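Report on the structure given below.
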Amino acid sequence: MSNSSAGRETWATRIGFILAAVGSAVGLGNIWRFPFQVGQNGGAAFVIMYLAFVVLIGFPAMMVEFVVGRKTGLNAVGGIREFAGGRWKYLGGLFVFIGFVILSYYSVVGGWVLRYVLGSATGRYMAQGPGEYFGQISVGMDALLAHAVFMLLVIGIVALGVKRGIEIAVKIMVPAIIAIFAVLAVYAFTLSGAGEAYSYYLSPDLGYLLDNWQSIVPAAAGQGFFTLSLGMGVMITYASYLSEDENLAIDGGTVVVFNTGISILTGLIVFPILFTAGVDPAAPGPGAIFVSVAEALGDLQFGRLIGVLFFTTVAIAALSSAISLIEVVVSYAIDEFGIARERATVFIGTAIFLLGAPVTIDIVMVDLYDIFAAQILLVLGGILLVTAVAWIYADKAIDELGKGVKSFSGLDKVWLWIVRIPVLVVLLVSLYLGIDGFIEFLQGDFAEFLNSL
Ligand code: PHE
C-alpha cells in the first residue's frame, strides 16, 4: 500500500488488505485487554455478551467504516468529510483525538510487553515471582523508559515509511500467534485447575448476567469496538485502498473471525493458569496476561525460549495496531497542514509519549485512560459514524455496499435497518451506561488513588 497524494494504489492483493486490517485489529486488545475484562466482569457472562456484540454490533459497524473508506478513497478524516460533508467534518477531529488518547496508554502497555521479552530472555520474572515482577516493571521509571522505547519504534516505522515491513511481519505474526498460543493452551489444558477454569470461562451464569448487565454491557461494547479497531476511522483508512470488485462483507467477516478466535484462545491460556495458581481471576486486573503467562513459563521446559517467542509475537501484534492508531493522526496532519511525514510523525509521536507519561505513575491510571477511551470515546465515535452513514447518507452507503457483490437479495436493506435501529440503540445505551460507570470509577477507585497521593 502506498500513501495518498500521487495516484493512490489499491491493495495488490485482497489478502494484503485483510492482513493489514487483521494487523490493526489483533493486538493488545485481544491478548492483554480481553482476559482482564473477562476477569473483571464475571467470566463467561461477559464472554457471551462480548460475542453477541462482535457479531451483531461490531460486524455491521465495520461495514459502515468500509463503505466510507472505499467510496471516498480517503483517510479517516478526509473520508468522513467527503462522504458526509458539512458539520460531520468535526467527527474527523474526534477520530484524531481518540487516536491520540488510545495510543498514549497503549504504548505504556506495549512497553510492558517489551520488558517481558527481556524478562523472558534473562528469566528474571521466574526468579523474582511473576506478581512481584509485574508490580515492579509496570510503573515508575521502568515503565516510562519502556513506553519511550515503544513509541520510538512506532515513530521509526511510520516516519521511515517501512509499513511494508510491518505487513510482512503481520503475515508471519498471525500464524505465529495461533501456533504459540495453541501450544500454551494445550499446556494449560493439562493443569489441575483447567476444569474449573473452563466452566468459569465458557459456561455463562445467566443469573450473574441479569444482575450485572449494567456493567457488562458497556464493558462488552467497549471491548468489541476496541478489539475490532472500530469507532475512530481506522477501518475507513484501510478500506480506502480497496477496489470495487471486493465483497466487503466477506472481507469484514474474515477479520472478525480471526480476531475473535485469537481472543478466545488467549482466555484458554490465561484462566486455567490463574485457577491452578489459586488466583481470583479478577485480582490481577490489567496484569492478568503477564502474571499468568509468566507463571506458566516458569513451569515449562524451554520456558524462557517460549517466553521470548510469545512476547515478541505480542509486541509485533501491538506494533501493527499502534501504527494504525498513529496513522489516523499523522495522515490528518499531512493532509490538513501539509506537514512532511517525518516531521509530523516525530512531533505527534512525542506529544503522544507525553500524554502517556502520567499513566506510568500508577496502575489505576491505565484504567482511567482505558475506560474513558474504550467505553466512552470509541462508542461515541461509532454512534456518530453510524448516524451519518446509515441515516443521513444511506443511499450512498447502500450503493457502495452493493459493489463487488453478485446478488444481495435484500441483505443490504437488512444491514441498513440493523445498523439504523438495533445497533444505534444498543450503542446509545452502552454509552449512557459507560459514562455512568466512568463516573463511578472516578468517585471510587480513582478518588481513593488521589487521596493516597
Ligand atoms: N484493535 C487494536 C487491538 O486490539 C487496538 C486499536 C483500537 C487499534 C482502535 C486501532 C483503533 O489491540
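The values are calculated or read from the model by the stated rules, or taken from the named source; none is laboratory data. Just so you know, these numbers come straight off a predicted model, no measurement behind them. Note that each Cβ is placed from the backbone with ideal geometry, even for glycine, and that neighbours are counted across all protein chains shown.
Here is a yes/no grid of residues against (1) at positive phi; (2) under 20 Å from the mean Cα position of the chain (by Cα):
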site	(1), (2)
Ala374	no, yes
Val379	no, yes
Ala388	no, no
Ala394	no, no
Gly404	yes, no
Asp412	no, no
Val419	no, no
Tyr432	no, no
Ser452	no, no
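Tell me which residues, restricted to region 331-351, are out of contact with any Lys or Arg (no Cβ under 7 Å at 6 or more places or on another chain) and of a type in the set (A, V, I, L, M, F, W, C). Before you say what the answer is, go through the steps one by one.
Step one: filter region 331-351 for residues out of contact with any Lys or Arg (no Cβ under 7 Å at 6 or more places or on another chain), giving 331-333, 335-351.
Across region 331-351, the qualifying residues are Ala333, Phe337, Ile339, Ala340, Ala344, Val346, Phe347, Ile348, Ala351.
Is there a residue in region 326-345 that is among the small types (Gly, Ala, Ser) and within 16 Å of the ligand (Cβ to nearest atom)? Among the residues of region 326-345, at least one is among the small types (Gly, Ala, Ser) and within 16 Å of the ligand (Cβ to nearest atom), which makes the answer yes.
Going by what's in this entry, would Phe353 be described as in contact (Cβ under 8 Å) with a residue 24 or more places away in the chain, assigned to a helix (DSSP H, G or I) and not acidic (Asp, Glu)? Steps first, answer last, please.
On the way: in contact (Cβ under 8 Å) with a residue 24 or more places away in the chain: yes; assigned to a helix (DSSP H, G or I): yes; not acidic (Asp, Glu): yes.
Considered against the rule, which asks whether it is in contact (Cβ under 8 Å) with a residue 24 or more places away in the chain, assigned to a helix (DSSP H, G or I) and not acidic (Asp, Glu), Phe353 comes out as yes.
Can you work out which of the residues in region 249-263 that are buried (at least 23 other Cβ atoms within 10 Å of the Cβ) and closer than 22 Å to Thr72 by Cα is nearest to the ligand (Cβ to nearest atom)? Ranking the qualifying residues of region 249-263, first place goes to Val255.
Got a sec? Which of Phe59, Phe83, Phe36, Phe17 is assigned to a helix (DSSP H, G or I), closer than 25 Å to Thr237 by Cα and within 15 Å of the chain's Cα centre (by Cα)? Don't jump to the end; show me each part of the working.
Working: Phe83 fails: within 15 Å of the chain's Cα centre (by Cα); Phe36 fails: closer than 25 Å to Thr237 by Cα; Phe17 fails: within 15 Å of the chain's Cα centre (by Cα).
Unique residue meeting the criteria: Phe59.
Note on region 217-250: residues that are closer than 26 Å to Ala373 by Cβ and outside any loop (DSSP other than H, G, I, E, B) total 17.
Here's the yes/no breakdown for (1) closer than 29 Å to Ile98 by Cα; (2) modelled with pLDDT of 95 or more:
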{"site": "Thr260", "(1), (2)": "yes, yes"}
{"site": "Leu300", "(1), (2)": "no, no"}
{"site": "Leu305", "(1), (2)": "no, no"}
{"site": "Thr312", "(1), (2)": "yes, no"}
{"site": "Ile316", "(1), (2)": "yes, no"}
{"site": "Ser320", "(1), (2)": "yes, no"}
{"site": "Val328", "(1), (2)": "yes, no"}
{"site": "Ile334", "(1), (2)": "yes, no"}
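Among the conditions (1) more than 20 Å from Ile264 (Cα to Cα); (2) within 22 Å of the chain's Cα centre (by Cα); (3) surrounded by 14 or more Cβ atoms within 10 Å (Cβ to Cβ), the only one that Ile168 does not satisfy is (3).
Return yes or no: is Thr360 more than 16 Å from the ligand (Cβ to nearest atom), buried (at least 22 other Cβ atoms within 10 Å of the Cβ) and over 24 Å from Phe134 (Cα atoms)? Please lay out each step first, then the result.
Values: more than 16 Å from the ligand (Cβ to nearest atom): yes; buried (at least 22 other Cβ atoms within 10 Å of the Cβ): yes; over 24 Å from Phe134 (Cα atoms): no.
Here the answer is no, as Thr360 does not meet what is asked.
Quick grid of which residues meet (1) surrounded by 23 or more Cβ atoms within 10 Å (Cβ to Cβ); (2) at pLDDT below 65; (3) over 24 Å from Gly253 (Cβ atoms):
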{"position": "Asn3", "(1), (2), (3)": "no, yes, yes"}
{"position": "Gly7", "(1), (2), (3)": "no, yes, yes"}
{"position": "Thr13", "(1), (2), (3)": "no, no, no"}
{"position": "Val26", "(1), (2), (3)": "yes, no, no"}
{"position": "Val38", "(1), (2), (3)": "yes, no, no"}
{"position": "Gly42", "(1), (2), (3)": "no, no, yes"}
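Could you please find all residues in region 21-32 being more than 8 Å from the chain's Cα centre (by Cα) and either near the ligand (Cβ under 7 Å from one of its atoms) or aliphatic (A, V, I, L, M) (or both)? Across region 21-32, the qualifying residues are Ala21, Val22, Ile31.
Check region 73-82 and report whether any residue there is touching a residue at least 12 places away in the same chain (Cβ under 8 Å), more than 16 Å from the ligand (Cβ to nearest atom), of a type outside the set (A, V, I, L, M, F, W, C) and over 21 Å from Gln223 (Cβ atoms). Spell out the reasoning first.
To start, the set of residues in region 73-82 that are touching a residue at least 12 places away in the same chain (Cβ under 8 Å) comprises 73-80.
Imposing the further condition that a residue be more than 16 Å from the ligand (Cβ to nearest atom) reduces the set to 73-74, 78.
The next check asks that each one be of a type outside the set (A, V, I, L, M, F, W, C); those that pass are 73, 78.
Subsequent filtering for residues that are over 21 Å from Gln223 (Cβ atoms) retains 73, 78.
There is at least one residue in region 73-82 that is touching a residue at least 12 places away in the same chain (Cβ under 8 Å), more than 16 Å from the ligand (Cβ to nearest atom), of a type outside the set (A, V, I, L, M, F, W, C) and over 21 Å from Gln223 (Cβ atoms).
None of Phe302, Phe290, Phe275, Phe226 is of a type in the set (Phe, Trp, Tyr), under 27 Å from Ala52 (Cβ atoms) and either within 16 Å of the ligand (Cβ to nearest atom) or without any contact (Cβ under 8 Å) to a residue 24 or more places away in the chain (or both) except Phe226. Of everything in region 86-128 that is farther than 19 Å from Ala374 by Cβ and of a type in the set (Val, Ile, Thr), the residue that is nearest to the ligand (Cβ to nearest atom) is Val117. Of Ala176, Ala221, Ala194, Ala239, all but one fail to be surrounded by 22 or more Cβ atoms within 10 Å (Cβ to Cβ), touching a Ser or Thr at 6+ places or on another chain (Cβ under 9 Å) and of a type outside the set (Asp, Glu); the exception is Ala221.
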